[in-house]
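Student: There's a structure below that I have some questions on.
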Amino acid sequence: MHHLREMLAESRAAVTTRTDVEPRVGIVLGTGLQHLAERCAVEQAIAYTEIPHMPRSTAPSHRGQLLLGTWSGIPVAIMQGRVHYYEGYTMQQVTYGVRLLAALGVHTLVLTNAAGALNPLFRRGDLMLIADHINLMGDSPLIGPNDDVLGNRFPDMSDAYSATLRDLARQAALTEHIPLREGVLVAVHGPNLETRAEYRFLRLIGADAVGMSTVPEVIAAVHSRLHVVAFSMLTDECFPDALRPVTAEEIIATAEEAAPKLEQLISALIPHLDRQ
Ligand code: HPA
């Protein structure tokens, strides 16, 4: 029953013996966004393979290390690379890193990903603040016995993407002159991209962007009582009647190209997050 808590204590010990940094903000860097970590004054980099119970990333472009340091003067822990459900990991493994960030003392989580644009007004290369989500992955990280110390059995999701933090993100975008879209992310398990009929369906049910990550992490973060702010880098246009083939390499290249504006936005946002 308390197995997860014991695992987290072991992982936490492996990190805290190697650093004095007490992170307050956690950041997860997604596909094509690994270089964002260059803004962080890194004091310690720990490979996921050196942290007991931490699953290793196999997805293209994901580095697989935990960075501890300061970003815009705030102590942070950065997951440089995540693991995905499509890699064959369980939802518990997919969200283990976020739970570790919570165990390390983080109060606020910044999540990033690459996603496809479903809203026809949005474009490849646009940055989207996630306002809400639809979980179509067919699974949840909370299925199974609940440890009431870690979180509630039935966590409320009405403010999963904190309205207060979204206000701060919009303000930071305005100050920095960074165009910022806002919308609903739908999560699918992948790893294949979607058919035209699926994109049409996903748009119809109210999504503005589609991706293969983030949503399980948000569910685990809300369960862990973390405040969440999340961004999608829109890497391809999923318009059913004008669909063009896209490769993972193009998705990564687009995310890398547009990454500097997300780096600038997060740098401006971080100090405000720690004042909450
Ligand atoms: N579908 C799902 N995930 C994605 C996409 C997409 O079109 N683009 C980037 N991640």
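Student: Which FRET efficiency value, to the nearest 0.05, do you get for Glu198 and Ala41 by plugging their Cβ-Cβ distance into 1/(1 + (r/R0)^6) with R0 = 45 Å?
Tutor: My answer for the efficiency is 0.60.
Student: Rank Ile251, Met157, Leu273 by how far each Cα sits towards the positive end of the charge dipole of segment 144-276 (+1 on Lys, Arg Cβ; -1 on Asp, Glu Cβ) and give me just the farthest.
Tutor: Met157
Student: Ranking Thr95, Thr17 by Cβ neighbours within 10 Å, fewest first, what do you get?
Tutor: Starting with the residue having the fewest Cβ neighbours, the order is Thr17, Thr95.
Student: Still on this structure: Write down the percent of antiparallel bridges among all DSSP beta bridges whose residues are both part of the chain, to the nearest 5. Mind dumping the intermediate values first?
Tutor: On the way: 18 of 47 bridges.
In the chain, approximately 40 percent of DSSP beta bridges are antiparallel ones.
Student: Take Thr164 and Arg225, extend 7 Å from each Cα along the Cα→Cβ direction, and tell me the distance between the two endpoints in nm.
Tutor: 1.4 nm
Student: Using every alpha carbon pair in segment 69-227, what percent of pairs falls into each 5 Å bin from 0 up to the bin containing the largest distance?
Tutor: 2, 8, 17, 20, 22, 16, 10, 4, 1, 0
Student: Could you state the number of Å between the C-alpha centres of segment 84-122 and segment 136-210?
Tutor: Measuring centre to centre over Cα atoms gives 10 Å.
Student: Please compute the contact order of segment 108-209 in relative form: average sequence separation of alpha-carbon pairs under 8 Å and at least six residues apart, divided by the residue count, as a percent.
Tutor: It rounds to 47 percent for segment 108-209.
Student: Put +1 on the Cβ of every Lys and Arg and -1 on every Asp and Glu Cβ in the chain; which of Val15, Cys40, Leu168 then has its Cα farthest towards the positive end of the dipole?
Tutor: The residue sitting most towards the positive pole is Leu168.
Student: Please report, in debye to the nearest 20, how large the charge dipole of the chain is about its Cα centre when each Lys and Arg carries +1 at its beta carbon and each Asp and Glu carries -1 there.
Tutor: Here the chain has a charge dipole of around 120 debye.
Student: Next question. Explain nothing, just the number: dipole magnitude of segment 1-141 about its Cα centre with +1 on each Lys and Arg Cβ and -1 on each Asp and Glu Cβ, in debye rounded to the nearest 20. Mind showing how you got there, number by number?
Tutor: Working: 11 positive and 11 negative charges, 38 e Å.
With only Lys, Arg, Asp and Glu charged at Cβ, the dipole is about 180 debye.
Student: Follow-up. Contour minus end-to-end for Leu243 and Asp20, with contour as 0.36 nm per residue of separation and end-to-end as the Cα-Cα distance?
Tutor: Computed gain between Leu243 and Asp20 is 75.3 nm.
We did not get these values from a lab; they are worked out from the coordinates using the rules stated. Remember, it's a predicted structure, so these values are computed and weren't measured experimentally. Cβ coordinates were reconstructed from backbone atoms using ideal geometry, including for glycine residues, and neighbour counts include every protein chain displayed.
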